[in-house]
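Participant: Dumping the structure here so I can ask a few things about it.
The values are calculated or read from the model by the stated rules, or taken from the named source; none is laboratory data. Quick caveat, the model's predicted, so the values are computed rather than measured. Note: ideal-geometry Cβ built from the backbone for every residue, glycine included; neighbour counts use all protein chains shown. Calculation scope for accessible area: heavy atoms of the full protein, side chains included, ligands and nucleic acids excluded. Shrake-Rupley method; radii C 1.70, N 1.55, O 1.52, S 1.80 Å.
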Amino acid sequence: MTAYKTPVSVLVVIHTVAGEFLLIERAAHPGYWQSVTGSLEATDADLATTARREVFEETGIPPELGTLTDWHLRNRYEIFPEWRHRYAPGVSTNTEHLFSLCLTSRTEIRVAENEHRAATWLAADDAAMRCFSWSNHDAIRLVQRHLDQ
């Protein structure tokens, strides 16, 4: 029996207090830059657990190094056709929950090589413009507005 992904995920915008945002480039899609993302798994107690797990798996950053915030916002979007085989037949949309992880300063990144090929720290405007996902773009802008207050 095939284990399908759950169509519920997290988007974790990692940033510093100085307003630098971390983006990682997808290994299978050069040029597709994003924040940390990942699906809820059966072993996760809740979405915050998913967020912490994904941060560590995709960047090597221990989540306790910063402050994790649940923005209590979610986006629903169409799953790209090329990735639908990961989900149960008939599933075509995903619900993404927004989190951020605020760090006091940049830290060394260890990308998950099977998922990502590079990482970079950018100012908010540059990071938002580089994201291929509209929800990631909007999330970076939201976090930046909060930092500017």
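Participant: For region 16-61, which residues satisfy the criterion of being among the polar types (S, T, N, Q) and assigned to a helix (DSSP H, G or I)? Spell out how you get there, then give the answer.
Facilitator: Initially, region 16-61 is screened for residues among the polar types (S, T, N, Q), giving 16, 34-35, 37, 39, 43, 49-50, 59.
Once the filter is applied, which keeps residues that are among the polar types (S, T, N, Q) and assigned to a helix (DSSP H, G or I), region 16-61 yields Thr49, Thr50, Thr59.
Participant: What number of residues within region 62-80 are open to solvent by 70 Å² or more (accessible area, probe 1.4 Å) and not in a loop (DSSP other than H, G, I, E, B)?
Facilitator: Initially, region 62-80 is screened for residues open to solvent by 70 Å² or more (accessible area, probe 1.4 Å), giving 64-65, 67, 72-74, 76, 78, 80.
Now narrow it down to the ones that are not in a loop (DSSP other than H, G, I, E, B): 64-65, 67, 72-74, 76, 78.
Number of matching residues: 8.
Participant: Could you identify the single residue in Glu57, Glu108 that is in contact with a Gly (Cβ under 8 Å, 6 or more places away or on another chain) and either at pLDDT 95 or above or open to solvent by less than 40 Å² (accessible area, probe 1.4 Å) (or both)? Can you show your working first?
Facilitator: Details: Glu108 fails: either at pLDDT 95 or above or open to solvent by less than 40 Å² (accessible area, probe 1.4 Å) (or both).
Every option except Glu57 fails the conditions.
Participant: Somewhere in region 45-53, is a residue open to solvent by 70 Å² or more (accessible area, probe 1.4 Å) and within 14 Å of the chain's Cα centre (by Cα)? Write out each step before concluding.
Facilitator: Narrowing region 45-53 to residues open to solvent by 70 Å² or more (accessible area, probe 1.4 Å): 45-46, 52.
Those left that are additionally within 14 Å of the chain's Cα centre (by Cα): 52.
So far as region 45-53 goes, yes, one or more of its residues are open to solvent by 70 Å² or more (accessible area, probe 1.4 Å) and within 14 Å of the chain's Cα centre (by Cα).
Per-residue answers, yes or no, for (1) within 27 Å of Pro62 (Cβ to Cβ); (2) among the small types (Gly, Ala, Ser); (3) touching a residue at least 24 places away in the same chain (Cβ under 8 Å):
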residue: Gly90; (1), (2), (3): no, yes, no
residue: Cys102; (1), (2), (3): yes, no, yes
residue: Thr107; (1), (2), (3): yes, no, yes
residue: Ala119; (1), (2), (3): yes, yes, yes
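Participant: Continuing with this model, one more query. So which residues in region 16-35 are in contact with a Cys (Cβ under 8 Å, 6 or more places away or on another chain), over 15 Å from Glu58 (Cβ atoms) and open to solvent by less than 20 Å² (accessible area, probe 1.4 Å), if there are any at all?
Facilitator: First, the residues of region 16-35 that are in contact with a Cys (Cβ under 8 Å, 6 or more places away or on another chain): 16-17, 23, 33-35.
Applying the additional criterion that residues be over 15 Å from Glu58 (Cβ atoms) yields 16-17.
The answer is Thr16, and nothing else.
Participant: Residue under question is Ala124, and the condition is that it be of a type in the set (A, V, I, L, M), open to solvent by 40 Å² or more (accessible area, probe 1.4 Å) and modelled with pLDDT of 95 or more; does it hold? If you could, list the steps in order and put the result at the bottom.
Facilitator: Details: of a type in the set (A, V, I, L, M): yes; open to solvent by 40 Å² or more (accessible area, probe 1.4 Å): no; modelled with pLDDT of 95 or more: yes.
Against the criterion (of a type in the set (A, V, I, L, M), open to solvent by 40 Å² or more (accessible area, probe 1.4 Å) and modelled with pLDDT of 95 or more), Ala124 does not qualify.
Participant: Considering only region 81-122, state which residues are assigned to a loop (DSSP other than H, G, I, E, B) and of a type in the set (A, V, I, L, M).
Facilitator: Going residue by residue through region 81-122, those that are assigned to a loop (DSSP other than H, G, I, E, B) are 87-92, 104-115.
Residues satisfying the conditions are Ala88, Val91, Ile109, Val111, Ala112.
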